[in-house]
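Colleague: Structure in structure tokens, see below.
FYI, it's all coordinate maths here, none of it is from the lab. Worth saying up front: this structure is predicted, and the values here are computed from it rather than measured. Heads up, the Cβs are rebuilt from the backbone with ideal geometry, glycines too, and the neighbour counts pull from every protein chain shown.
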Amino acid sequence: MKEGKRVFFTSPADSPSDDFLENINISVTTNPGYGTEIKIKDLFPSVTNSLKPAFNEFKEESQRFFKWNNTDAAEIIYSGYNKVDTSFQVRMVQWFCFYKTRLYTVTFTSEANNNKHNATARKIMSGIIFRN
């Protein structure tokens, strides 16, 4: 995956009237300090604070630290109305992890009231393996 690019996976429409496709996107950024001088726990609360202005009715639902690919990682779950498109209340699950000098950010976005694809999304996210 190239620096500054994203990969998207989208769900199928749940019905003919389904106007929102749940999605997972993956992005990678590089910095020599990632994972060395900067630890994943150092990103918080600044990451969460930087998200708040992009949403109306922003609500942080949870935050945790865990191991992903045997590497320290963080998860935040939040919801709100994105100021770019306020027609849907969304729920975002974001995972952050440093691997070598790269920051991997994986985001699952769904409608806040639709849990249909949550289990599949978690399986996909957990299946992402970092390689050289």
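Colleague: Taking 8 Å as the Cα distance limit and 6 or more residues as the minimum spacing, I'd like the relative contact order of the range 66-106 as a percentage.
Modeller: Value for the range 66-106: 35 percent.
Colleague: May I ask you to order 58-71, 93-106 by the average number of other C-beta atoms within 10 Å around their residues, highest value first?
Modeller: 93-106, 58-71
Colleague: Out of residues 5 or more away from Phe130 or on other chains, whose amide H comes under 5 Å of its own, with H placed 1.01 Å from N in the peptide plane?
Modeller: When sequence neighbours closer than 5 places are left aside, there are no close amide H contacts.
Colleague: Among 107-116, 10-19, 122-131, 34-43, how do they line up from the highest to the lowest mean number of other beta-carbon atoms within 10 Å?
Modeller: 107-116, 34-43, 122-131, 10-19
Colleague: What are the ³J(HN,Hα) couplings of the range 91-106, residue after residue, when phi is run through the Karplus curve with 6.51, -1.76, 1.60 and θ = phi - 60°? Round to Hz, x for glycine and proline.
Modeller: Listing the rounded values in order: 10, 10, 10, 10, 10, 10, 7, 8, 10, 6, 9, 10, 9, 9, 10, 10 Hz.
Colleague: Follow-up question, since we're still on this one. Please turn the phi angles of the range 126-131 into ³J(HN,Hα) values with the Karplus equation 6.51 cos²θ - 1.76 cosθ + 1.60 (θ = phi - 60°), one per residue in order, whole Hz, x for glycine and proline.
Modeller: Using θ = phi - 60°, the values come out as 5, x, 6, 10, 8, 9 Hz.
Colleague: Tabulate in residue order the Karplus-calculated ³J(HN,Hα) for the range 23-32, using 6.51 cos²θ - 1.76 cosθ + 1.60 with θ = phi - 60°, rounded to whole Hz; enter x for Gly and Pro.
Modeller: Taking θ as phi minus 60°, the curve returns 8, 10, 10, 10, 10, 9, 10, 10, 7, x Hz for the range 23-32.
Colleague: Where a ≥ b ≥ c are the square roots of the eigenvalues of the C-alpha gyration tensor, would you call the chain rounded, which needs a/c under 1.5, or, failing that, prolate if a/b is larger than b/c, or oblate?
Modeller: On the way: a/c = 1.98, a/b = 1.48, b/c = 1.34.
Prolate.
Colleague: Would you mind checking the pairs Lys100/Lys123; Lys67/Lys100; Lys41/Lys116; Lys59/Lys123; Lys59/Lys100 and listing those with alpha carbons more than 26 angstrom apart?
Modeller: Too far apart for the 26 Å limit: Lys41/Lys116; Lys59/Lys100.
Colleague: By how many nm would the segment from Lys59 to Thr29 grow when fully extended, if each residue of separation counts as 0.36 nm and the alpha-carbon distance is taken off?
Modeller: 8.2 nm
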